[in-house]
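The values are calculated or read from the model by the stated rules, or taken from the named source; none is laboratory data. What you see is a predicted model, and the numbers here were worked out from it, not measured in a lab. Ideal geometry is used to build each Cβ from the backbone, glycine not excepted, and the neighbour counts take in all protein chains shown.
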Amino acid sequence: MNTVIGVDIGGTKIRMGVIDADGQILAERQVPTEFPLYPHLEKQVLLFLAEHRDISAIGIGTHGFVDSKAGRIVFAGDMLPGWTGTEVRALLEKATGKRVEVENDANCAALAEVKFGAAKGLSRVVCITLGTGLGGGIIWDNKLISGGPHGGAAELGHMVLYPNGARCGCGRLGCAEQYVSGTAIKRRIKEAGLSLAPLELFERAASDAQARELVEQFAEDLAIYISTLQAIFDMEMLIIGGGVSESAGAWFDELQRQLEKVLLNPLSVEVAQFENDAGMLGAALIVLDS
Ligand SMILES: [Zn+2]
């Protein structure tokens, strides 16, 4: 059976798995992310590969803007210092002798959800990742919309939600990532003069008016953002993944209320099925499907 290695590179850890065409994880390993990143990655992949020689290819999913055609990191911010410009595919193919493909991690997560998860069987799906930042992946007629001349296609977190709003890591003002993400929720809490973890905020909203107002604002912004995505894509489903989606039980009803006000057409909105495994599974899929 065709098996591949999927690698998910995040700011704190690298996950590697041997994955078959059915999406089964046959073996896996997690190591800390260390810098300089490329030599560390190469060493870890070679160690893992030595135990799993019979795999056919290696898929890499990573934070940052990726030129997937060239297999190169166009831009990665402070989370992965020194990663910008790395020719990952060329270097790793030379080191391993295996075919290597590279893709943005949010795109990988979208692939995993469409192939094996919440959107299984659908062909037009938008997946947003509410983690530290706000990532996006778009599947259109079963294909990933990715790349672009600057590696920036489907960087959905950088759609402007509030003109002249909060400063974003990309240097501009008012990107959605500054209103709809884990970091954004923390900022809202701080600006309201509260000292709570996001999860506490969501829990407190049932009984506390100030907390409820913050959750309503978050849900309203997320709903407006989703309605804009619907106006562009009229997708069959929108999937919400990432760390913030793990507490969706506490804010999903409010989101549905806000969506009713702003959606153009009915839309199925679901929480992602895969949490930690999505990036690794999706990274495997970029080499399993091609
Ligand atoms: Zn931005």
Contact list, first residue from the stretch 61-77 and part of a strand (DSSP E or B), second anywhere and surrounded by 20 or more Cβ atoms within 10 Å (Cβ to Cβ) and charged (D, E, K, R), beta-carbon distance below 6 Å, six or more apart or interchain, is 61/8; 61/103; 61/105; 62/105; 66/103; 74/67
Among the numbered conditions (1) touching a helix residue (DSSP H, G or I) at 6+ places or on another chain (Cβ under 7 Å); (2) modelled with pLDDT under 95, tell me where residue 195 comes up short. (1)
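Residues checked against (1) closer than 29 Å to residue 142 by Cα; (2) aliphatic (A, V, I, L, M); (3) in contact with a Leu (Cβ under 6 Å, 6 or more places away or on another chain); (4) surrounded by fewer than 17 Cβ atoms within 10 Å (Cβ to Cβ):
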residue	(1), (2), (3), (4)
44	no, no, no, no
62	yes, no, no, no
72	yes, no, no, no
89	yes, no, no, no
99	yes, no, no, yes
111	yes, yes, yes, no
Scanning the stretch 264-287 for residues that are touching a strand residue (DSSP E or B) at 6+ places or on another chain (Cβ under 9 Å) and more than 17 Å from residue 116 (Cβ to Cβ), the one surrounded by the fewest Cβ atoms within 10 Å (Cβ to Cβ) turns out to be 268
Filter the stretch 139-153 for residues that are assigned to a loop (DSSP other than H, G, I, E, B) and either surrounded by fewer than 17 Cβ atoms within 10 Å (Cβ to Cβ) or among the polar types (S, T, N, Q) (or both) and give the result. 141, 142, 146, 148, 149, 150
Give the number of residues within the stretch 78-117 that are free of Cβ contacts under 8 Å to residues at least 40 places away in the same chain, more than 20 Å from the chain's Cα centre (by Cα) and assigned to a helix (DSSP H, G or I). 4
Report whether or not residue 215 is assigned to a helix (DSSP H, G or I) and either crowded, with 18+ Cβ neighbours inside 10 Å or free of Cβ contacts under 8 Å to residues at least 60 places away in the same chain (or both). yes
Might you check whether a residue that is more than 19 Å from the chain's Cα centre (by Cα), assigned to a helix (DSSP H, G or I), on the phi < 0 side of the Ramachandran plot and not aromatic (Phe, Trp, Tyr) occurs anywhere in the stretch 265-281? no
How many residues does the stretch 39-60 hold that are in a helix (DSSP H, G or I) and either among the polar types (S, T, N, Q) or touching a Gly at 6+ places or on another chain (Cβ under 8 Å) (or both)? 1
Within the stretch 154-173, take every residue that is crowded, with 18+ Cβ neighbours inside 10 Å and of a type in the set (Gly, Ala, Ser) and give me the one that is nearest to the ligand (Cβ to nearest atom). 157
On the basis of being under 19 Å from the mean Cα position of the chain (by Cα), within 16 Å of the ligand (Cβ to nearest atom) and of a type in the set (A, V, I, L, M), does residue 223 make the cut? no
